[in-house]
Amino acid sequence: MPQLQRITIASSQFHNQHITLTTEQQHYLYRVLRLQSGDRFIAMDGMGKWWLAQLADTEAQILQSITVKTELPIAVTLIIALPKGSGFDEIVRYCTELGVTCFVPVLSDRTLLNPSPQKLERWQRIVKEAAEQSERTTVPTILEPVSFCSSLSLVAKQKYICEARGDYPHLLSCLENKEDWESNFNEEKTIVIATGPEGGWTETEIEDAIKAGFQPVSLGRRILRAVTAPIVALSLVAAAHEI
Ligand code: SAH
């Protein structure tokens with residue numbers, strides 16, 4: 001299939017075999033992309049499905065569904081202590097490209113920033129664009145920022161907290177134990193990984209995480225920036241599970 005433009009469509013816009021396009025989408029398709037009635041594009045619902053669609057004035061007709069396999073074989077939730085400035089913009093863009101499922105922005109003891117409500121909307125826009133760009137079928141979710149403490153109650157099969165100092169096993173060596181996954185078909189296949197802010201986690205936060213079932217892990221011998229750490233962690237998960 002030729003390279004077609006991908007657009008995320010809300011489920012309320014689907015009616016039988018038709019899609020009602022919003023004014024914004026019409027503007028994007030006709031004015032920005034310069035498509036015309038009769039031209040084709042890919043409609044994604046952001047929840048795992050793609051369709052080939054054909055423009056017809058203010059609507060689009062669904063021609064066929066398309067099967068794509070671009071998602072990771074497991075779900076990855078990233079708990080990320082909000083970094084300074086626009087650091088989280090970078091994290092959401094790159095981690096969406098790498099296949100993250102869910103972002104949990106958290107306010108930790110050493111977090112400097114309390115994000116404005118407009119930030120969440122901005123991150124959601126970045127995630128949608130990055131998912132379309134990377135040909136993903138699922139648009140990752142971003143939860144409202146919560147305290148680090150409440151994020152610890154997340155339920156998952158494997159939970160890791162990345163700690164820059166200390167003698168902890170490497171995340172990759174923990175992930176390599178894949179038989180564990182294969183023998184549990186019915187269990188939800190989710191990995192949770194937490195990364196800290198510029199100032200790192202406090203000792204109490206690490207202790208609380210361990211009590212909640214998190215394994216502290218290393219990402220190597222160098223100290224990574226708060227923005228780099230989740231990207232590295234996710235790359236390791238993708239490498240370990242996609243081979
Ligand atoms: N200022 C802190 C480092 C913070 S780095 C210090 O000097 O100790 C920001 C976050 O990235 C850390 O909290 C950790 O979650 C993650 N991180 C950075 N480098 C890491 C490494 N080598 N191994 C594991 N996690 C790391």
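Each value in this text was obtained by applying a stated rule to the coordinates, not by laboratory testing. The shown structure was predicted, so the numbers you read here are calculated from the model rather than taken from an experiment. With ideal geometry, Cβ positions are generated from the backbone for all residues, glycine too; neighbour counts draw on all protein chains shown.
For the chain, the number of Lys pairs separated by eight or more positions or lying on different chains, with C-alpha atoms closer than 14 Å, is 7.
So what's the gap between the Cα centers of region 189-214 and region 112-144, to the nearest angstrom? First find each Cα centre; the distance between them is then 22 Å. If every alpha-carbon in the chain counts as one equal scatterer, what log10 I(q)/I(0) does Debye give at q = 0.07, 0.09, 0.10, 0.15 1/Å? The Debye formula, applied to the Cα set alone, gives -0.28, -0.44, -0.54, -1.01.
List the DSSP H helices in the chain whose Cα atoms stretch 18 Å or more along the helix axis and whose mean Kyte-Doolittle hydropathy is at least -0.5. Membrane-span-like by this rule: 228-242.
Rounded to the nearest 20 debye, the dipole magnitude of region 75-241 is 380 debye, with +1 charges on Lys and Arg beta carbons, -1 on Asp and Glu beta carbons, and the Cα centre as origin. Taking every alpha-carbon pair within region 6-66, the share separated by more than 17 Å comes to 26 percent. The Kirkwood hydrodynamic radius of region 42-82, based on inverse pair distances between different Cα atoms, is 12.8 Å.
Assuming R0 = 51 Å, can you tell me the calculated FRET efficiency for the pair residue 211 and residue 67, based on Cβ-Cβ distance, to the nearest 0.05? In this case the efficiency is close to 0.75. Under the simplified labelling scheme, the residue 16-residue 170 pair shows an inter-label distance of 5.8 nm, with each label point 7 Å from Cα along Cα→Cβ. Each principal axis of the Cα cloud of region 1-107 was taken in turn, and the coordinate range along them, longest first, works out to 47, 31, 27 Å.
Here the relative contact order of the chain, from alpha carbon pairs under 8 Å that lie six or more residues apart, stands at 22 percent.
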